[in-house]
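Throughout, read-outs are computed from the coordinates displayed, never taken from laboratory work. On a predicted model such as this, the values are computed, not experimentally measured, just so you know. Here Cβ is always computed from backbone atoms with ideal geometry, including for glycine, and neighbour counts include all displayed protein chains.
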Amino acid sequence: MQWRTLIILMIGYVCYYFLRKNFSAAIPAMEATLGFSKVQLGLFLTLNGIVYGLSRMVNGLLADRYSKRLLMGTGLLLSCVINLAICFSPSLNGLFHLLDGEGKATLGLVYLIGSLWVLNGYVHGMGYPPCSSLMAHWFRPSELATKQSIWNASHSIGAGAVIALCGWLLSRFGYGAWNLCFIVPAVISFAGSILLFTTLRDDPSAYGLPPVEEFERESVAGDRDEVHSAESVSSDTEGQLTGEHYKKFITQMVFRNPVIWGISVSNFCVYVIRFTILEWGTSFLTQYKGLDIALAASIVAASELIGGVLGTIASGWLTDRFFQSKTLRTSALFILGATLSFAGFWLVPLGAPWIWSAILIVASAFFIYGPQALLGISCSQYATKRAAGSANGVCGIFGYAATVISGIGFGWLAERPGMGWNAVFIVAIAFGFIGAAILFSYWKAPANGYEKARQFLQK
């Protein structure tokens, strides 16, 4: 039942990404067909990301109190409706003045599609919190990091698959068929929402099974004994926190914890590079490197399906195998690798064979998905389980605040005379080096914050 739950969650979150990254794949077509500017499209991406980050915090509270199955399924179903509304929005031109005489978008259509995409950001915040909560309910703490790394691959699978799908649709039917990038994923994801409603269960008790904590009492061989004992003791002690003492604990372990703030700022830098590739990849590969839309979409899809999936799994394995579960060390090396790979992509001459650009973009994704997966786990480790939700909330806000840079910021830079895509690449690479420097400064930090929590509780 654990594996069944994991697979259902992966399918569900892949469908969420079908209705989230389809917009990025449709950007070149919407520019050409509707006349949207990069600044307008970048603004949509920025507002969507900010609202999504806030929604994750709000729906995190709801996921702890109400049915996670209903929350996740409802969010996916609402996103299907929103994507269908975007698809058919130009057909409302008869009622509202949405298109001009040349068939280009008026400000009315810009505001309509932009508002719908921002609303889509909120309903997508109903997807991640139920997943993280369900994983904790279904998997023991000693296996959660490994299983959650497997689940995290759904990000790359969903993004890569929908970009490849949309690239094929636009190549086959032309840029005028941009609306297919919204209706086809919506139809597929509707089936995914039905799967969530009918097969997902909130915890093992729904099948008459005991809670996973009972299995955690079984002995664990190797060096993990000491880690699990420390976590068990700290969890029992933290469970006694109430009222004002609990607030002080959260303040100490999260808001006054320099490691949490360092992780959060570096997460901002990670997401700048991640979103630059994911949101603008098809655009700069066609407009800067001169590739056709089908090839550009295939490269971005490969960066997710090959680079992202392998990078996520490899980072988790390397952390446990070589770095004694010190996630910040692996994250530091991986973000440095992502930055150097992206710099290499930028420096490849424009006349060079496209395969070099493809290899370096895939390598960038391979390395960037390491910290993307590990920094959330780092927050849980350094804030301890008792404050993990608050710490991940702070880290998530920083991550999706990066859309201010990668969205409207890069859209504005790409359109400025004398700047263009070169300026975008320089800024993204600079943020990559900043993120790596921050994480390297914590190289000697302990693997978690349980000793710090114990000292606080003894005061």
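See the values below:
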{"quantity": "Neighbour-count order for Cys181, Cys87, fewest beta carbons within 10 angstrom listed first", "calculated": "Cys87, Cys181"}
{"quantity": "Isotropic mean projected area of the C-alpha convex hull, region 240-459 (nm²)", "calculated": "12.9 nm²"}
{"quantity": "Least to most buried among Met126, Met30 (fewest other Cβ within 10 Å first)", "calculated": "Met30, Met126"}
{"quantity": "Helix-only mean residue ellipticity at 222 nm for the chain, each DSSP H run of n ≥ 4 adding -39500 (n - 2.57), per residue, nearest 500", "calculated": "-25000 deg cm²/dmol"}
{"quantity": "Spatially close lysines, pair count over the chain: Cα under 26 Å, gap of eight or more or interchain", "calculated": "26"}
{"quantity": "Acute angle (nearest 10 degrees) that the helix 420-440 long axis makes with the longest principal axis of the chain, alpha-carbon atoms", "calculated": "0 degrees"}
{"quantity": "5 angstrom amide H check on Leu99, placed H, neighbours 5+ away", "calculated": "Thr106"}
{"quantity": "Cα-based helix-to-principal-axis angle, 224-238 vs the chain, degrees rounded to 10", "calculated": "90 degrees"}
{"quantity": "In sequence order, calculated HN-Hα J values of region 296-311 (Karplus, 6.51, -1.76, 1.60; Hz; x Gly/Pro)", "calculated": "4, 5, 5, 5, 5, 4, 5, 4, 7, 6, 9, x, x, 5, 5, x"}
{"quantity": "Nearest-ten-degree value, helix 38-65 long axis tilted from longest Cα axis of the chain", "calculated": "30 degrees"}
{"quantity": "Taking Glu31, Glu279, Glu415 and counting other C-beta atoms within 10 Å, the order from fewest to most", "calculated": "Glu415, Glu31, Glu279"}
{"quantity": "Options (1) 5; (2) 21; (3) 13 - which one matches percent of Cα pairs over 43 Å apart as calculated here", "calculated": "(3)"}
